[in-house]
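Scroll down for the structure; my scribbles are underneath it.
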Amino acid sequence: MSVYKHEYRAYTGALTPLWSRVVVVVRYAIAEAWSSRITVALFILSMLPVVVYLVGIYLANNSLARAIIMRRDNGFEIGAGFFLNLLATQCWIALGISAWIAPRLVSFDLADNALPILLSHPISRFGYVMGKLIALLACLSPVTWIPCLLLFAYQGYSSAHPWFMANLRIAGGLLVGSLLWIAFLSILGLAISAWVKWRVVATGAIFAVVFVPAGIGGIITGVLRTRWGFLLNAPVMMTQLWQRLLGAPEMMRDQLHLPTVAILIVLTLVCGICVLMLNARIRGREVVRG
Amino acid sequence: MTAMNDRIVFENVSKFYGEVLGVNRVSLNIPPGVTTLVGPNGSGKTTLMNLMTGLVQPSSGHVSVLGLTPADADRFFRQVGYCTQFDSFPRRLTGREFLLDSLLLHGMSEGDAFRLAEEAIERVRLGDAGWRRIESYSKGMRQKIRLAQAIAHHPRVLVLDEPLNGLDPMARAESLALFQELSGLGMHLVISSHILDEVDRISDQVVLITGGYIVAEGDIHQVRREVRDKPMQVLIRCDQPELLASRMFTSNHCVEARLHADGKGVFLRTADIDEFYRLLNQIAVEGLIAIDAVAPADDDTLAIYQYLIGSDGSAS
């Protein structure tokens, strides 16, 4: 019979708040994302359009440059249309970056059976997914809303007119439009990472989820002559949403416009499916045999 | 502290993974000390461990650890340390970083985390290897860093899934000594292991499980006594084993005798251990046979495992 001295004392010090523990997961995920040189290369490439647009803003606001290069004074205006193009460019680049980064974030933990060890800490499955999500948002933000807002600020600073305050809606649109898109990409990327083990396949799957339904939606729209097919077409759907957020002129015919509510419902539905996919895969248990 | 707040309690717990049975109607009351979970692969040991570490929720029934449930995550996980059987480490971390992050996940401040990480590394005797990346560790070192992770935050319940796998004999002995030390301090250690002979030496009680059902639980000698359909085997060291065997066979309860390889002892099987010892006492008193030692030969975990579960893993 053992004699228990009951001398053992558990830790009784103060505990940090829950959010600070999520930071550990965020740090892991960011380190994982940036461990590849390809990520660095993609990030540098994503800055090239920003530089081009920056030069555009500079030229548009420099009267000498306008006179020399553009030959006329009012041919190149910086407005919602300009920033819509910038936003769309950066957001589609963000798709490429998320398709590269996201597949390794959850699948590595699942492959290594790391979830039991992580989840046997006071961090929930929700906290784990939030950590990964925040990491992806943090990686995609420098590609999307941050450069967009910086260019907006630069345009506000460079413009001779009281441009900044008059166009604040564009700034709001850039922020909200970017955040909606990168949140969508992040949750989609994590869901696919949780289900697809092989990186190349997962990367392909992310592109497929965005573009294959777009083709099907195009067929539906063409055959049935209905605009609702565009609800499967992420590029069209997002472009329409960004146009409205920025107050840019819409390019498609009126009868092809999708209601904003319908677009938001589709995005929410896809995110809901992704959450269900994550819920099914993010489990603390180890392999149960037999 | 009430009695229940010092125990790991399973109350009629069942866990199903879809249609697959994990464990069924398990009721346990595990006191402090070393408890060994024994069973074949797929018997439900890991499910039991996952249930007591809050990694899975029971399909029915109730699990509490020292009166706490995983719903109270902060307090629950402060008391529980889990050492999984898998090589599950975040990539590119050193042993020290792994421990630090684990402690930060437990909600420790950075200062406490540094101190506790150092203490844990010292306790498992990992030494300077703590500064190296885990990828470069041997299997034994990985076991040690996993163990360090489980004990670093000073839990009162330590759940160890195959903690001796991959360890060399010296490291095993060190680990067993550490387990014994921790249990002696009043800690709960729940260990699953296939290395029964070594774990047996430090176990206070054993839980035998197969097919998701608990076959037996309790002090190993008590369990052995309750397995009445398997005659107990006793080794008697004496100067005249043949004579002793013939004397013992005069009573009906003795069913088998086998000479020890060195000829200085005999293994005897008996269906009635009380009657057996009474007769043995009588023989000893007569003084015709010099008896040097008497020891049970099959009331260890391995023997119980073979009797109750069988070598094929099916309960007999």
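Laboratory data are not the source of any read-out in this text; all were calculated from the coordinates shown. The model shown is predicted, which means the values in this text are computed figures rather than measured ones. No Cβ is skipped: glycine too gets one built from the backbone with ideal geometry, and neighbour counts run over all protein chains shown.
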Rounded to the nearest 20 debye, what is the charge dipole size of region A:7-144 about its Cα centre when +1 sits on each Lys and Arg Cβ and -1 on each Asp and Glu Cβ?
140 debye
Whole-number Å³ per residue for the convex hull built on Cα positions in the protein assembly as shown:
201 Å³
Given B:Val20, B:Gln85, B:Leu55, which one lies farthest toward the positive end of the charge dipole of region B:1-85, if we put +1 on the Cβ of every Lys and Arg and -1 on the Cβ of every Asp and Glu?
B:Gln85
Quick shape check on region A:152-215: root eigenvalues a ≥ b ≥ c of the Cα gyration tensor, a/c under 1.5 is rounded, otherwise prolate if a/b tops b/c, else oblate, and it reads prolate
Can you give me the angle between helix A:37-61 and the longest principal axis of chain A, using Cα atoms only, in degrees from 0 to 90, rounded to the nearest 10?
30 degrees
In degrees from 0 to 90, rounded to the nearest 10, what is the angle of the helix A:125-140 Cα long axis to the longest principal axis of chain A?
30 degrees
For region B:104-216, take the convex hull of the Cα atoms, compute a quarter of its surface area, and give me that in nm², please.
8.4 nm²
At most 15 other Cβ within 10 Å, DSSP loop - chymotrypsin sites (Phe, Trp or Tyr not before Pro), region A:127-220
A:Trp198
What the Cα atoms of region A:68-184 span along the principal axes, largest first and in whole Å, is 65, 26, 17
Among A:Ile93, A:Ile68, A:Ile57, which one moves the most in a GNM of chain A with springs linking Cα atoms closer than 10 Å?
A:Ile68
The simple spin-label model distance between B:Asn29 and B:Asp219, using points 7 Å out along Cα→Cβ, in nm, is 1.6 nm
Listed residues B:Ser136, B:Ile151, B:Gly218: farthest to the positive end of the dipole of region B:129-263 (Cβ charges)
B:Ser136
R0 of 25 Å, Cβ-Cβ distance B:Tyr17-A:Phe126: FRET efficiency to nearest 0.05
0.75
Nonlocal amide H pairs with A:Ile282, under 5 Å, H built at 1.01 Å
none
Residue-averaged beta-carbon neighbours from other chains (10 angstrom radius) around B:55-63:
2
Only Lys, Arg (+1) and Asp, Glu (-1) charged, at Cβ; the protein assembly as shown dipole about Cα centre in debye
2860 debye
Would you mind giving the mean number of other chain beta-carbons within 10 Å of the Cβ of each residue in A:11-18, as a whole number?
6
Rg (Å, one decimal) plus Dmax (Å, integer) for the alpha carbons of chain B?
23.0, 73
B:Ser60 paired with A:Leu149, simple spin-label distance in nm, labels 7 Å along Cα-to-beta-carbon:
5.4 nm
Pairs of Cα atoms under 8 Å, at least six residues apart: use those to get the relative contact order of region B:1-138, whole percent.
21 percent
In sequence order, calculated HN-Hα J values of region B:250-264 (Karplus, 6.51, -1.76, 1.60; Hz; x Gly/Pro):
5, 9, 6, 6, 7, 10, 7, 9, 9, 5, 5, 4, 8, x, 10
Looking at the square roots a ≥ b ≥ c of the eigenvalues of the Cα gyration tensor of region B:45-129, which shape do they give, rounded for a/c under 1.5, prolate if a/b is larger than b/c, or oblate?
prolate
Counting pairs of alpha carbon atoms under 8 Å apart in space and at least six apart in sequence, what relative contact order in percent does chain B give?
19 percent
Using all C-alpha to C-alpha distances in region A:178-290, build P(r) with 10 Å bins and read off the rounded percent in each one.
13, 38, 30, 13, 4, 1, 0
Note the angle between two axes, namely the Cα long axis of helix A:234-246 and the longest principal axis of the Cα atoms of chain A, as a number of degrees from 0 to 90, rounded to the nearest 10.
70 degrees
Just checking the output field for B:172-184: average partner chain Cβ neighbours within 10 Å of each residue's Cβ?
1
Given unit charges at Cβ for Lys, Arg (+) and Asp, Glu (-), the dipole magnitude of chain A about its Cα centre in debye, nearest 20, is 480 debye
How much FRET efficiency would the formula 1/(1 + (r/R0)^6) give for A:Ile69 and B:Lys139, where r is the Cβ-Cβ distance and R0 is 60 Å, rounded to 0.05?
0.35
Percent of all Cα-Cα pairs per 5 Å bin for chain A, counting from 0 up to the last occupied bin, reads 1, 5, 10, 13, 14, 13, 12, 10, 7, 5, 3, 2, 1, 1, 1, 0, 0, 0, 0, 0
Defining a contact as two alpha carbons under 8 Å apart and six or more residues distant in sequence, what relative contact order in percent does region B:194-316 show?
31 percent
